[in-house]
Every structure is written in C-alpha cells, then in structure tokens.
Amino acid sequence: MDSINILTFFVLAVFVGFEVVSKVSSTLHTPLMSGANAIHGIILVGAIIVAGHAESAGILILALLAVLMATVNLVGGFVVTDRMLEMFSGKKKASEGAQK
Amino acid sequence: MSLISVEVEALLYLFAAVCFIMALKGLSSPKSARRGNLIGALGALVGIATVFLAEELRNVGWILLVIGVGTLISVPASRMVKMTQMPQLVALFNGVGGGAAAIVALLELRAADTPGFLIAVAFTIFIGSISFSGSVITFAKLQEMMTTRPVIFAGQRYVMIILSVLALAGAVLVVLDGNLVIATLLLVVGLVMGLLLVLPVGGADVPIVISLLNAMTGLAVAASGLVLGNTLLLVGGTLVGASGTILTRAMASAMGRSVNNIIFGAFKGGSTAGSTEVSDRPVKSGSAEDVAILLGYAQKVIVVPGYGLAVAQAQHTMYELAKALEAKGIEVVFGIHPVAGRMPGHMNVLLAEANVPYEVLQEMDEVNPQFKTADVCLVVGANDVVNPSAKTTPGSPIYGMPILDAGDAKQVVFLKRSMRPGFAGIENELLYEPNTTLLFGDAKETLSKVLSAVKAL
C-alpha cells in the first residue's frame, strides 16, 4: 500500500470516528467504551499474520502470545458489551410490562 | 497459495470496516446499541476469516488452538464477572489488546525497511506497552488490590522527563537502525512509563484513564495496520482512536475535569492530597426505625445510589423499599450522578440489572432543582457524588466536579458501611451537618431493616 493511500484511509477514518460518537448520552459512555475496546481487538488479524509467518520457535511462541491476548480482547470485549446492553433492553421490556 | 484474490480480500476488509463504523454508530443510541455491538462482532468474524483465506499461513493448527484457548478464557470471564467489577475487566481487555499490538510490531521489525514503517513500528511498541502496563495498574486500582489514592514519589516528574527522553532517543535509533535490542528496550521504557502515568491518578479519575488508554490502544492498532499493510487494522484502530478521544473528553467534562489535569495534575503536587483516615468528629447516627419514620412521614424522597449499593447487591432491596414508600403515597425519585458507580453510566447498568424502571431514574440536571422540595434525601453507598467540597474547596481533588445537591433536602440520611471516606479519599462535610442522620452497616442488611420498619409503620 503506498503512503498516500494510507494517509487517505487514516484521515477519513479519524473524521468518521469523531462523527459517529459526537452525540452520545452519558448513560451509554460505558457500553460505548467497552464496544470500542472490543473493536481494537481486531489486532488479532495482525497477530495471526505474524504467527503464520513465524520461522523460529521463539518467534512463534511470542506471536502466539499475541494471538492469545488479542483473542481475549476481541471475544471478551464483545461478550461483556453484549451483557451490559442486554440489561438495557431487559429494562425496556420490564417497563413495557409495567405499562400493560 | 492464497484462496482468494487480492480484490476479494480488500472487499471483505471493506465490509468488516463498515461493520465497525455501524457498530460505533449503533452504540451511540440506546435503541440500536445491542444490535450495533453484534454488527461489530460480525465485522471482526469476517476480518478473521478473511485473513485465514487471504494469507499463506503456517502454524494454522497452533493459531486455531490458541484462539480456542483465548475464547475459553474470556467468554466465561465476561459472562460471570459481577457487574460491579465490569470496569476493571474492560481495563484488562484493553491492556492485553495493547500488549498484543506491541508484540506484533516488535516481531514485524525485521520486515520493516522504509523510515515510514519503522516509525510506525516504534510508535506501536511504545504506545502499546504504555497501554498494557497502564491498564494493569488501573485494573489493580479498581480491584482495590492496591491503594486507590494517587501514588506520588519525590522526583517523579524528573523520572518521567528522563524516561521521555530515553523513549524518544530509543525511537529514533529504532527508525535509523531497526535494532531489535533497542526496540525491546523501548518496550520496557513504555511499560515503566505506563506504570508511572497511571500511579499518580486518583481513584475517581481512573475511568477516564481507561478511556484514554483505550484510545491509545486504538492508535497502536492503527499503526500496526500500517506496518502490516492491512487496511482493516488501520481503519479499525483509527476509528477507536478517534472515537475514544472524543469519549474521553466527554467523560472528563461530565466529571468537570480536564484530561490534562488528570494526567499531569498529580505531578504538580499538592492538590490531590486526600485522607483515608477515619475522622473522630461527632456525627448523628440513628437506628433503622428512626430512618423508617423519617421516610414514612415524608412527601418526597430522593434516593442517591452509589457504588456501595451495588457492592452490597442491594439494588433489589432498594427498589422494594421505593415501592413500599410509593404504596404509602410518597413520591420517590432516583437521582443518578453521571459517574455514580465506577464509570459514566455504570449505575444505570447496575439498576437496570435490578429491573428498576427507567422512568424513576433521573439524571443530575433533572433532579438537582428538586432537592429543595424534598423532605428526605437517602444516600445509599454514595459519598463523593454528594460531597459539597466539590463546590466549596478549591484544593479538593474533586473540585469542579458537578455534584448532586443532597444537602438542599430537609433531611439527609446516609447509609454507610463506616466513616471511611469515598473512592476519592476525601472527607465529606455533609456527614457532619445537623440535619444529617447516619445509619451504619451493610447496605443490603440495613435497607431490609428499614424496609420492614417502614412496612410496620
């Protein structure tokens, strides 16, 4: 990838990142942080590439450590965010039930 | 030999990146939040599948095995963690992500040849390791494995300056030379700096630091995408870096803090002094029956729940008490401080868990004018969020943080475990006011006593 393409991607992604979260209520700060946290677990893709190209046992072990850490970040991040948000939707159902 | 063409690979990564954008967008509104998170997970799944199809990989068996192990560790951990302990789990997840980015960059050093790539490698190693060690310390602070008060030692500022110079010099050498030993040293310097950056941060500011470290990990991941020439890492990491920065600022302003003050405040010294000592000044303590009478003959009660309520798992009992009071025709409102609990919005999650209906939860701006007309303000396991020193004492660590004006109510009742100060480690003047009654004990136990006393009235 040439550097001008990279710069284009980077600048556009910065603006999108700013834009999508600009109006968020404080109620959702915690789930949003947790969800964003899960997204950077995508470093797993990088860890897989490095582990898949490893030539020596030492490098492989280090790379697999990175795979492990990234998996925990990615999978755990999405699961814990879902659990938080499950309670929000559960609350909605409970109040709907109360109205009936 | 790869199974899919470069074009298909790029399209799949584009799809995954769009999923991430939709995920962040979805998470910004209550209705679409859960779906947003699932879309994000779908994007990640597509991204992972693509890398297996597109790259010529060795050791695939090992990689799949380790991914399996990681999943087996993290799923039960995230499903079983108590909701009160969720902030430190998020901090830990963030830390391991940063650590993974640093390792990836370190291993890619040999492949990087142009200065641009080498700069990205040095950046990822440094930022990733700061994020890792910083997150581990925030975890330890939130888990109360160490003191929640700022840890400051003489000359900390000079140590930081020396380390910064070392890091810069190390980064320059890595870029000029691509030397693995120096890159490893850079990693170590990053780890130490992460430690020293977070140690001086006071307990109440820890959530903001988690958010900041989250944004930093995002940037480290983006830079590693640059190193590997992978668009998904670049876009995903940048999105988190940018949105995390905005989120950090939003959180800080909800607490009336500036990010600079939180990170560098302690180094200036003086202002963050707190106390964990138990004061022996006289307070008025009452029995569960006294409190029941105060509540039972009130017309309007405002409940201010705090972390102590959640720790005691007293949300359900609290809600039952509120229902019992409402049955007597008493108006009950919950005043939720934006940072009640340990993170912004944390208390809403905790109360939602106890099925407390959304309508009775009122945000700070709505509830503050109502304290003047309230007969009783019942503060359950909260302290810092009603501490008037945030308004009156400029030297206080929480000075400037917006608070709930509990002191405006005719009577204030504190349910507390002890006279120990709150998470920020500062004395609360409100406890010594003549119209304040204290009821000591575990929140769940005392609340059920108050509940049966109210029913007996």
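The values are calculated or read from the model by the stated rules, or taken from the named source; none is laboratory data. As the structure is a prediction and not an experimental result, all values here were calculated from the model. Methodologically, a virtual Cβ is constructed for each residue, glycine included, from the backbone with ideal geometry; neighbour enumeration extends over all protein chains shown.
Just a few scattered comments:
- Members of region B:334-362 found to be within 7 Å of chain A (Cβ to nearest Cβ) and polar (S, T, N, Q), listed by number: B:ASN348, B:ASN355
- Looking only at residues in region B:285-314 that are part of a helix (DSSP H, G or I) and in contact with a strand residue (DSSP E or B) (Cβ under 8 Å, 6 or more places away or on another chain), the one that is nearest to B:ASN355 (Cα to Cα) is B:LEU309.
- Residue check for B:LEU89: touching a helix residue (DSSP H, G or I) at 6+ places or on another chain (Cβ under 7 Å), touching a residue at least 12 places away in the same chain (Cβ under 8 Å), assigned to a helix (DSSP H, G or I) and more than 9 Å from chain A (Cβ to nearest Cβ): no
- Selection status of A:GLY46, over 26 Å from B:TYR358 (Cβ atoms), more than 7 Å from chain B (Cβ to nearest Cβ), assigned to a helix (DSSP H, G or I) and at pLDDT 90 or above: no
- Residues satisfying the stated conditions in region B:1-44, i.e. within 23 Å of B:VAL60 (Cβ to Cβ) and assigned to a loop (DSSP other than H, G, I, E, B): B:MET1, B:SER2, B:LEU3, B:ILE4, B:SER5
- Criterion (surrounded by fewer than 17 Cβ atoms within 10 Å (Cβ to Cβ), without any contact (Cβ under 8 Å) to a residue 60 or more places away in the chain, touching a helix residue (DSSP H, G or I) at 6+ places or on another chain (Cβ under 7 Å) and of a type in the set (Ser, Thr, Tyr)) met by exactly one of A:SER26, A:SER34, A:SER3: A:SER3
- Residue within region B:241-251 that is at the interface with chain A (Cβ under 9 Å from one of its Cβ atoms) and within 24 Å of B:LEU107 (Cβ to Cβ) present: yes
- Single match in A:ASN73, A:ASN37 (criterion: farther than 28 Å from B:PRO402 by Cα, in a helix (DSSP H, G or I) and within 7 Å of chain B (Cβ to nearest Cβ)): A:ASN73
- Residue match in region B:378-394 (condition: modelled with pLDDT under 80, part of a loop (DSSP other than H, G, I, E, B) and either within 24 Å of the chain's Cα centre (by Cα) or among the polar types (S, T, N, Q) (or both)): no
- B:VAL412 meets the conditions (1) crowded, with 23+ Cβ neighbours inside 10 Å; (2) within 25 Å of the chain's Cα centre (by Cα); (3) not acidic (Asp, Glu) in every case but one. The failed one is (2).
- Matching residues, region B:134-169, being surrounded by fewer than 23 Cβ atoms within 10 Å (Cβ to Cβ), touching a Gly at 6+ places or on another chain (Cβ under 6 Å) and modelled with pLDDT of 90 or more: B:VAL136
- Hits in region B:1-54 (condition: farther than 23 Å from A:VAL16 by Cα, touching a helix residue (DSSP H, G or I) at 6+ places or on another chain (Cβ under 6 Å) and of a type outside the set (A, V, I, L, M)): B:SER2, B:THR50
Conditions tested, residue by residue: (1) crowded, with 19+ Cβ neighbours inside 10 Å; (2) assigned to a loop (DSSP other than H, G, I, E, B).
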{"site": "B:PRO397", "(1), (2)": "yes, yes"}
{"site": "B:GLY407", "(1), (2)": "no, no"}
{"site": "B:ARG420", "(1), (2)": "no, yes"}
{"site": "B:GLU427", "(1), (2)": "yes, yes"}
{"site": "B:SER448", "(1), (2)": "no, no"}
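- Matching residues in region B:25-61 - criterion: being under 17 Å from B:LEU11 (Cβ atoms), aliphatic (A, V, I, L, M) and more than 7 Å from chain A (Cβ to nearest Cβ): B:LEU42, B:LEU45, B:VAL46, B:ALA49, B:LEU53, B:ALA54
- Any hit, region A:42-64, residues being farther than 17 Å from B:ASN230 by Cα, in contact (Cβ under 8 Å) with a residue 40 or more places away in the chain and hydrophobic (A, V, I, L, M, F, W, C): no
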